[in-house]
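Please read the structure below before turning to the comments.
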Number of protein chains: 2
Amino acid sequence: MDRHISPVPLEKAYRLINHGPTVLVSARHDGTDNVMAAAWACALDFAPPKLTVVLDKSTKTRGLVEQSGAFVIQVPTAAQLQLTHELGTTTMFDAPDKLERFGATLFQVEGYDLPFVGGCSAWLACRLISEPHNQQAYDLFIGEVVAAWADNRVFKGGHWQFEHADPAWRSLHHVAGGHFYAIGEALHASNDGEG
Amino acid sequence: MDRHISPVPLEKAYRLINHGPTVLVSARHDGTDNVMAAAWACALDFAPPKLTVVLDKSTKTRGLVEQSGAFVIQVPTAAQLQLTHELGTTTMFDAPDKLERFGATLFQVEGYDLPFVGGCSAWLACRLISEPHNQQAYDLFIGEVVAAWADNRVFKGGHWQFEHADPAWRSLHHVAGGHFYAIGEALHASNDGEG
C-alpha cells in the first residue's frame, strides 16, 4: 500500500463522500475483479457508517457485489477524469479486458479480499447489507463501511484539503455524458455560539 | 414565480442533482411549512426520475413528508451558504420561527400544494413512494420527481452553466460542521466514437 494512504477513523468515513463526488465501485468474486463508475452513491448513516449506491442490472460489478457480499467505494481524482468516464461507460460484459485497456491499476490491502483502485483519494471498504426488495425494485444497494482510508496528500486530520492540494486531486462530480465538474472553493458558514 | 424559473423536462431532472449538491428539503402539512438542509440526497432513476433523501427522525420536515406524502428538493446556491447551514442545524421543534429567523422566503407554484424556497437554482417536486421499512430502519425516503424547474441564469438547455454564471450561483457541497465546497471547474472527458 502506498505510504501516503492512511486509515480514516470510521466515525469520519462519511466525510469522504459527503460532498457528493462521483465514485468508483469495485468488487471481486471467484477470481474476477471489476470496477465501474457511479454518480449515484450517497452517505446513509454516521455510526456505524453506511452508504447507498445504485448498481444497474446491466453491470458486471453488480453481480460481483451480490455474489461476494462486499465492495469498495473509492473517490477518483481529476487526474482520473478519462479513466472514470471509461470505467463508467464500458461494461466488462462487452470488454473483458476493460481494466487493462483503460489502465486501471488495482492494489491489495491486507485483511481485505477486495480490489482497491490505485490513484484515488479515498477508499471505503463495505459489507453489503442484503435488502433484496431495494436491490430488485430500485437497483439500490446498502453497504456498511467496515474500514476507510485516504491519501494524506488531500485528506488529513479528518478533513479534505482540496484548497491546499494539487488541483489534480480534486474530486469529480458527473452531470451527464462525460461532462463533470471538479470540486471548487472552500466556503465556511458561521457557527452561532462557536465564536 | 420568478420570470427566470423555467420548467426542466422530466428526463433531464436527474441532472439537477447528479453532481452531488447539498439540497434543501421542504414540505407542507396542515398549515405548517418547513425547510431543512440535507447532504444525503441522491438520484435513483432516470425515467420516471426518482431520488433518495435521508430524513432523520429528529427533524420536523420528516413528519411533514410522512403526513403529506410530498416534498420539494431544491438546490441552494453559494449566496445561500449561511441560510443553508442554519436551516440544517436548527430544528423547527426548537425554533418554530426558524424560516422567518433565517430569512427563508417561500413561493408557490400553481398546481402544487408545496412550499418552494426562493433564491435556489433548481427545484424538484416529489411524490413520496412509501417504503416503510426503509423509512423506519434507515431514515431513507424515496421520491418520484413529478415536476422540475431551474433558474435559467445557471441551468439552460438541459445543462448547468456554473462556468458561465456568477459565482454566487455555484452549488454547495457540505463536508461537515459548516464546511462546504462550492462546485468548481468544468471538465470534459473524451467520448470515443463521438469525435
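Of everything listed in (1) more than 11 Å from every other protein chain (Cβ to nearest Cβ); (2) touching a helix residue (DSSP H, G or I) at 6+ places or on another chain (Cβ under 7 Å); (3) not hydrophobic (A, V, I, L, M, F, W, C), the single unmet condition for A:Q135 is (2). Scanning segment B:1-8 for residues that are acidic (D, E) and at pLDDT below 95 turns up at least one hit. The residue of segment A:4-58 that is surrounded by the fewest Cβ atoms within 10 Å (Cβ to Cβ), among those that are touching a strand residue (DSSP E or B) at 6+ places or on another chain (Cβ under 9 Å) and among the basic types (K, R), is A:K12.
Filtering segment A:36-68 down to residues that are in a loop (DSSP other than H, G, I, E, B) and small (G, A, S), which residue is nearest to the chain's Cα centre (by Cα)?
Of the residues in segment A:36-68, the ones in a loop (DSSP other than H, G, I, E, B) are A:39-40, A:47-48, A:55-59.
Checking which are small (G, A, S) leaves us with A:39, A:47, A:58.
Numbers: A:A39: 10, A:A47: 19, A:S58: 19 Å.
In this case the residue turns out to be A:A39.
Candidates are the residues of segment A:75-94 that are of a type outside the set (A, V, I, L, M), over 27 Å from A:A13 (Cβ atoms) and away from chain B (no Cβ under 11 Å); the one that is least open to solvent (accessible area, probe 1.4 Å) is A:T91.
Any residue at all in segment B:79-97 that's out of contact with any Lys or Arg (no Cβ under 7 Å at 6 or more places or on another chain), in a strand (DSSP E or B) and under 22 Å from B:A43 (Cβ atoms)? Taking every residue of segment B:79-97 in turn, none turns out to be out of contact with any Lys or Arg (no Cβ under 7 Å at 6 or more places or on another chain), in a strand (DSSP E or B) and under 22 Å from B:A43 (Cβ atoms).
Report whether or not A:K12 is more than 30 Å from A:G157 (Cβ to Cβ) and at pLDDT 95 or above.
Values: more than 30 Å from A:G157 (Cβ to Cβ): no; at pLDDT 95 or above: yes.
In short, no.
Every residue, every condition in (1) of a type in the set (V, I, T); (2) in contact with an Asp or Glu (Cβ under 9 Å, 6 or more places away or on another chain), yes or no:
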site	(1), (2)
B:R3	no, no
B:G20	no, no
B:V25	yes, no
B:N34	no, no
B:A43	no, no
B:V54	yes, yes
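The values are calculated or read from the model by the stated rules, or taken from the named source; none is laboratory data. What you are looking at is a predicted structure, and each value in this text was computed from that prediction instead of being measured. For neighbour counting, all protein chains shown are included, and Cβ atoms are generated from backbone atoms with ideal geometry for every residue, glycine included. Heavy atoms of the whole protein, side chains included, go into the accessibility calculation; ligands, DNA and RNA do not. Shrake-Rupley method; radii C 1.70, N 1.55, O 1.52, S 1.80 Å.
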